[in-house]
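A.B. asks: First, the structure itself, so that you have it in front of you.
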Amino acid sequence: MDESADNRPPLLVLVGPTAVGKTALSLQLAKALNAEIISGDSMQVYRRMDIGTAKLMPVDREGIPHHLIDICEPEYPFSVSEFQSLCTEKISEIHSRGRLPFIVGGTGLYVESVCYGFQFQDIGADESFRGEMRTFAQEHGAQALHDRLQGVDSVSANKLHPNDEGRVIRALEVFHLTGKPLSELQDQSRGDDKKSPYRLCIIGLTMDRADLYSRIEQRVDEMLALGLVDEVRSLLREGVPRDAVSMRGLGYKEIVASLAGEMSDAEAVDILKRDTRHFAKRQLSWFRHMKALEWVDVGNDAKNSTLFAEICAIIAGKFQIDIEYI
């Protein structure tokens, strides 16, 4: 298809591992491109979970509209299919205003489900099976549940941490319902850029692994200094169950365990830093298989003017007929 004849609406996407510098760069780009930002983060949907999710607060958004942040209570088990539906609606609304929709986030499955229209709703659900898997995890542990997934869908298992019980169970449920691994079904949905409902421009940020890990450790220290422990304590006091999907997220489950006396504060911090490094590695692995993704090495300075010009040039080249966005 000749790109000049491509009438699909444009969609800009910025992905990358945690702490790589997506937030600061996204504000620069949104201003330059007349864009509105849609959060592609599975945890920022939850209200009052601000510090542990590295949420950009309204006062710091520099007048740029941000969507799909603070849209549900921490007790609610928000899902990728809900994200896909809500995000698709927001993209249409933003286009109707003559602005560029701009997804920014690090939850690969969420972002890719929108980019390539994954058909989650067609798979269905089996609440009885989910209950059996939750019981199995309680009796045998998260690792044993993860091992079951490894046996039927090693690709999905390698992307998911054993503590990510909800997504591990969903992957098992998909295999249970369809007889096919979730990873295989996702591959069938992905296709290339021409199969997307949008003209995609996907920018992926990366940097030297040692520098990234240093930034991750610094971010964890900053979260603690900002009051992460008090944030978690407040959520528990208001009655958010520790087994809620939200409370099993990085930065929350570790602090919950330390507040429950199951580990020392120092152990909780060490585990949080370690697991966040592992999470960043899995994010990079996920993004590497995304088609039509343009990698940009941001070094240790995502605000560099040369870097900004490089990214704008990539976007201008991709959205040729929408050069007015630049």
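The values are calculated or read from the model by the stated rules, or taken from the named source; none is laboratory data. Treat the numbers as computed from the prediction; the structure is a model and nothing was measured. With ideal geometry, Cβ positions are generated from the backbone for all residues, glycine too; neighbour counts draw on all protein chains shown.
A.B. asks: Please verify whether residue 11 is farther than 30 Å from residue 255 by Cβ and not in a helix (DSSP H, G or I), treating the condition exactly as stated.
C.D. replies: Judged against the criteria, residue 11 is a match.
A.B. asks: Residues to consider are 162, 101; find the one that is at negative phi and surrounded by fewer than 19 Cβ atoms within 10 Å (Cβ to Cβ).
C.D. replies: 162
A.B. asks: Only one of (1) at positive phi; (2) free of Cβ contacts under 8 Å to residues at least 12 places away in the same chain is not met by residue 7, so which one is it?
C.D. replies: (1)
A.B. asks: Tell me, yes or no, whether segment 25-32 has at least one residue that is more than 15 Å from the chain's Cα centre (by Cα), part of a strand (DSSP E or B) and closer than 20 Å to residue 100 by Cα.
C.D. replies: Taking every residue of segment 25-32 in turn, none turns out to be more than 15 Å from the chain's Cα centre (by Cα), part of a strand (DSSP E or B) and closer than 20 Å to residue 100 by Cα.
A.B. asks: Restricting the search to segment 230-250, which residues are surrounded by 15 or more Cβ atoms within 10 Å (Cβ to Cβ), part of a loop (DSSP other than H, G, I, E, B) and at pLDDT 95 or above?
C.D. replies: 240
A.B. asks: Against the conditions (1) assigned to a helix (DSSP H, G or I); (2) crowded, with 23+ Cβ neighbours inside 10 Å, where does residue 138 fall short? Just the number, please.
C.D. replies: (2)
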